[in-house]
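First comes the structure, then the notes that go with it.
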Amino acid sequence: MNGSVHSSSSAVDIKLKRGPAGLGFNIVGGVDQQYVVNDSGIYVSKIKEDGAAGLDGRLQEGDKILAINGVVLEDRTHKDAVELFRRAGEYVELRVLKKSSHHMNGPTGSQPDHDSSSPSSSSSSTLGILAVLAGAAAIFAFIYMRHLKKHF
């Protein structure tokens, strides 16, 4: 384990040691790209298995990061939050609200997760479903039109 956990009401403190690839997780959210309905907080969107957070095991996708090294993340832009993480140092203490049933929006802006190199899989799967439905509708319309021509 990289650090310790202290429980305080519904928040948890997690201390991580930055690894060769950083802290090993991506974030979404901020006042400029709300991720949860009516909440401009910063959320963990992806945990890299071999990164510091993944090896530690306590931080989970969907957790809300309330503060980093005592600096509150409330009312910050996504870019400001990313900069705080980048300048946080080797040992990073996170105040985290563990995942619960939030109403997820997905990012409202066009910015990807900080540190992410691939597009959102939910966007890709939605487009795939729409393409399949459009194809099925076209086939149905073709068959229906051929059927109508036979009766006239």
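The values are calculated or read from the model by the stated rules, or taken from the named source; none is laboratory data. Here the structure is a predicted model, which means the values were calculated and not measured. Keep in mind that these areas ignore ligands, DNA and RNA; they rest on the heavy atoms of the full protein, side chains included. Shrake-Rupley method; radii C 1.70, N 1.55, O 1.52, S 1.80 Å.
A cut-off of 5 Å between modelled amide H atoms, ignoring neighbours fewer than 5 places along the same chain, links D63 with V44, K99. Straight-line reach from K17: taking Cα to Cα under 14 Å and skipping same-chain neighbours fewer than 8 places apart, the aspartates and glutamates in range are D50, D56, E90, E93. Rolling a 1.4 Å probe over the protein heavy atoms leaves L148 with an accessible area of roughly 60 Å².
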